[in-house]
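Data block below; observations after.
Throughout, read-outs are computed from the coordinates displayed, never taken from laboratory work. Worth saying up front: this structure is predicted, and the values here are computed from it rather than measured. Cβ coordinates were reconstructed from backbone atoms using ideal geometry, including for glycine residues, and neighbour counts include every protein chain displayed.
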Amino acid sequence: MTENNYISGHIRRVYARRLVSPVLYLILLVILWLAFPIYDILFPRTLTASDDLSTYKNQRSSYVETTLTDLYFTGYTGSSFGRTCGYYYYCMRNDQCTVVLLSPSTCEEGLPFIESVHIRGRVLEGTPPFRTLLEHLARDLNWTEKGISEKVNPCFISEPAFQLFSSAVLILICFSTGIYALLRILLDLLYIRFPVFSPVCRQLGRFGRPKELLAQAETELATLPQLATEDMFITEHYFIVLANYGAAIIPIQEMVWIYKHSTLHKILWYHFSISYTLHVTARKHLYFQCPKNMKSDIDGIMDYLAEANHDILVGFSEENRVRAHGTSPYPPQLEKFFAFVEKIKKSKPHKPEGS
């Protein structure tokens, strides 16, 4: 890195640090994908009539899709939190009785007989509700529990356990946030490779060609800054911020209003420090804040900027706010949005009158 690339180097370091969180998040998503049967929920295995249910009872292969025929209602239901979540049916598969727990909507809340049904469910084994069902069936048939367990498959298919909606919502959140994290990584890599494309430099495009203005700011900062604090610098033409949270390059002659705002830091009832934030408003809806600075540094910056550009409004007051932003009741961030919408409206071709 050459001596005149200090701003570009700082931009690269900022976005290199920002890479950490999306990369860690993508790693976490990969771990979740490998640890949980997300793929199997999206694409459940097809269960045929000849398949043995016991081969599908582990967590990953337990999500199945199948068609069942000749189902009879047992007369028993399953409940969850006091609400009926399913109806127990039985059918014959591989010359063995198989129990199926159907959702209320699938069986129309307990049809006596269902000729055929296509469902997505989970293959489960030995759950307490299933064992209770076998006990009740054994009493109804005057069988022993051992006798009925020999006739009924120890695994059953539960449609409510598939939980398609909640799983789909969770998967959608994971995919959408994963795509966002991937875009963040790609953009951060782009800004590291080409700092002139970063938002810091794109803001300079409001006042000229970003590449040329960045080169000028780099040269002025490298030669002799006229005022410097820990992370704020003033050169002949620019106010430059190179902080851990980001960076800013603002032409001094484009600045409209500056003021400071104090923040009291405390833990419970103990006040331990006061920090100051410099607020900067420039033309063409450019706003920037420099938080967590010392009062002496902020005062020195404000005094020097006021001397360098006598048109800058200094200090917070309603009069200065109106002069800087007009009579708009909206905060600066919304003003920027409304200005963008108004620009789009003006760019639309008008329909000639009488056409």
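On the basis of the beta-carbon distance and an R0 of 41 Å, R131 and L187 show a calculated FRET efficiency of 0.15.
Summing charges over all other residues whose Cβ lies under 11 Å from the Cβ of C97, with Lys and Arg as +1 and Asp and Glu as -1, gives 0.
Suppose we flag chymotrypsin sites (Phe, Trp or Tyr not before Pro) only when DSSP calls them loop and at most 10 other Cβ atoms lie within 10 Å. Which is the longest uninterrupted stretch of the chain?
Numbers: sites that count: F81, W269.
Maximal segment without exposed cleavage sites: 82-268.
Round to the nearest 10 and give me the degree value, 0 to 90, for the angle of helix 20-35's Cα axis relative to the longest principal axis of the chain. Rounded to the nearest ten degrees, it is 10. Extending 7 Å from the Cα toward the beta-carbon at both Y180 and I31 defines two label points whose distance is 2.1 nm. Compared with the dominant principal axis of the Cα atoms in the chain, helix 6-18 is inclined by about 20°. Measure out, as a whole number of angstrom, how far apart the alpha-carbon centroids of segment 118-158 and segment 1-80 sit. With segment 118-158 and segment 1-80 each reduced to a Cα centre, they are spaced 30 Å. At full extension, F165 and E318 could sit 49.9 nm farther apart than now, given 0.36 nm per residue minus the alpha carbon distance. Counting only DSSP H runs of at least 4 residues, each contributing -39500 (n - 2.57), and dividing by the residue count of the chain, the helix-based mean residue ellipticity at 222 nm comes to -12500 deg cm²/dmol.
If R0 is 41 Å, the Cβ-Cβ spacing of S61 and S262 corresponds to a FRET efficiency of close to 0.10. The residues neighbouring L71, those whose beta-carbon lies less than 15 Å from its own, together hold a net charge of -4 under the Lys/Arg +1, Asp/Glu -1 convention.
With contacts defined as alpha carbon pairs under 8 Å and 6 or more residues apart, what's the relative contact order of the chain in percent?
Values: 488 pairs, mean separation 46.6, N = 355.
Contact order relative to length: 13 percent.
Working from Cα pairs under 8 Å separated by at least six residues, relative contact order for segment 168-236 is 14 percent. Amide H contacts of F316: K260, each under 5 Å away and 5 or more positions distant or on a separate chain (H built 1.01 Å from N in the peptide plane; Pro and chain starts excluded).
Label-to-label distance, L19 versus T277, with points set 7 angstrom from Cα along the beta-carbon direction: 3.0 nm.
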